[in-house]
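We did not get these values from a lab; they are worked out from the coordinates using the rules stated. The model shown is predicted, which means the values in this text are computed figures rather than measured ones. All Cβ positions, glycine included, derive from the backbone under ideal geometry; neighbour counts span all protein chains shown.
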Amino acid sequence: MRYARQEILKEIGSNKQEKLLNSNVTIVGIGALGTNALDLLARAGVGRIKIIDRDIVEINNLQRQTLFNEEDLGKPKVNAAKEKISQINSEIDIEAHLIDLDHDNIDLLKSDLILDCTDNIYTRFLINEYSRKNNIPWIYASVIGTKGMTFNITKDTPCFSCIFKEPTETLDTCDTTGVINTIPSAIAAIQVTQALKILTNQEYSKELIHYNLWNSEINKIKIKKSNNCKVCNGIYEYLDGKKSKNEIKICGSCNFQIKIENINMDSLFEKLSKLNSIKTTDDCLILNDVIFFKSGRALVRAKTKSKARVILSKYIG
């Protein structure tokens, strides 16, 4: 039996394994954390997994994004990940969405549990508001350098906005600080273990877990709800679209994402497909310096936002 070694665990057993098979989990972000988490959940037998990501596989991803190899370079991460997982566990359902998660498609998060494996604060605030409003548990996770954090957020815990405030200055990223490839695996293992507990209705951690892998230090931090938290008081600025941005730098890559407005993407695809050095999939059209997505956005390879706009203008005017 596929799950025999897991079912003999007193913490799981056949009844809880059945719960996992009937569970529906959404993973947002299929990068370093997301590939590890997806792999573990699929092997554990979570029956339905929805994966959401907006990016493609690049060479610098291979150092830590464990599902991908060199043959996946240039492919959308969700497509490559789904292909790999189908070879690991063909008995479960993987639903892939090559999108930029935002307020206008946020209902894709609907599931039993959401795993945050993203690399940006905006998406976390968005997930937090949707989860709080709809009473869906989610698990925050982040890594940088040799450190990582994870925290279960449910109706019985403080929310993300109780703990973290909107940054007033640029935060450190893997681009600026770097990341050791073992810390995503370690944090994803903790995150997925907590997910298995939540999905099988078992006691889960209500503390923020901080792990310094380099120093072998794990700290559990008690968090209190904030009486002044806007989200806990029913104010949803991210869900309302008040915080949405049309241009962002994709963490961990050389790409700027720019949302394209008032352009017929089918017509654009037809026009650009006549150029040389073109690769196409059902969802995207890949040029040397720009990737266009039928969902209405572009990833532009550039060093600065202004240069990204200039490159994009060559194709759409």
(request) Return a single number: how many Lys pairs in the stretch 254-316, at a sequence separation of 8 or more or on separate chains, have alpha-carbon atoms below 22 angstrom apart. (result) 18
(request) Report, in degrees rounded to the nearest 10, the 0 to 90 angle that the Cα long axis of helix 77-88 makes with the longest principal axis of the chain. (result) 50 degrees
(request) Could you list which residues have their amide H under 5 Å from that of residue 96, counting only those 5 or more apart in sequence or on another chain, with H placed in the peptide plane? (result) 51
(message) Using only Cα atoms and rounding to the nearest 10 degrees, what angle (0 to 90) does helix 182-199 make with the longest principal axis of the chain?
(response) 60 degrees
(message) For Cα pairs less than 8 Å apart in space and 6+ apart in sequence, what is the mean separation divided by the residue count of the chain, i.e. the relative contact order in percent?
(response) 14 percent
(request) Please arrange 166, 129, 18 by counting, for each residue, the other beta carbons lying within 10 Å of its beta carbon, fewest first. (result) 166, 18, 129
(request) Output the antiparallel fraction of DSSP beta bridges having both residues in the chain, as a percent to the nearest 5. (result) 65 percent
(request) Sum -39500 (n - 2.57) across every DSSP H segment of at least 4 residues in the chain, then divide by the residue count to get the 222 nm mean residue ellipticity, nearest 500. (result) -9000 deg cm²/dmol
(request) Towards the positive end of the charge dipole of the stretch 179-272, with charges on Cβ (+1 Lys, Arg; -1 Asp, Glu), say which of 262, 186, 272 has the farthest Cα. (result) 186
(request) For the chain, set up a Gaussian network in which alpha carbons nearer than 10 Å are linked by springs, and say which option among 242, 155, 16 fluctuates the most. (result) 242
(request) Starting with the highest mean, order 130-138, 227-235, 84-92 by the number of other Cβ atoms within 10 Å, averaged over the residues of each peptide. (result) 130-138, 84-92, 227-235
(message) I'd like the FRET efficiency for residue 24 and residue 87, computed as 1/(1 + (r/R0)^6) with the beta carbon distance as r and R0 of 22 Å, rounded to 0.05.
(response) 0.55
(request) Rank the residues 154, 177, 193 as a footprinting-exposure proxy: fewest other Cβ atoms within 10 Å of their Cβ go first. (result) 177, 193, 154
(request) Please state the charge dipole magnitude for the chain, taken about the Cα centre, from unit charges on C-beta atoms (+1 on K and R, -1 on D and E), reported in debye and rounded to the nearest 20. (result) 540 debye
(message) Charges at C-beta only: +1 for Lys and Arg, -1 for Asp and Glu. How large is the resulting dipole of the stretch 254-316 about its Cα centre, in Debye rounded to 20?
(response) 400 debye
(message) Need one number: nm distance between label points at residue 248 and residue 228, each 7 Å from Cα along Cα→Cβ, rounded to one decimal.
(response) 2.7 nm
(request) Give me the angle, in degrees from 0 to 90, between the Cα long axis of helix 121-134 and the longest principal axis of the Cα atoms of the chain, rounded to the nearest 10. (result) 50 degrees
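Relative contact order of the stretch 254-316: what whole-number percent is it, with Cα pairs under 8 angstrom and at least 6 residues apart?
About 38 percent, as a whole number.
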(message) Of 202, 286, 128, which is farthest towards the positive pole of the chain's charge dipole, taken about the Cα centre with +1 and -1 on the beta-carbons of Lys, Arg and Asp, Glu respectively?
(response) 128
(request) In whole Hz, with x marking every Gly and Pro, tabulate ³J(HN,Hα) for the stretch 30-44 from phi via Karplus 6.51 cos²θ - 1.76 cosθ + 1.60, θ = phi - 60°. (result) 10, x, 4, 5, x, 5, 5, 5, 4, 4, 5, 5, 5, 5, 6
(request) Extending each Cα 7 Å along its Cβ direction at residue 95 and residue 156, get the distance between those two points in nm, one decimal. (result) 2.7 nm
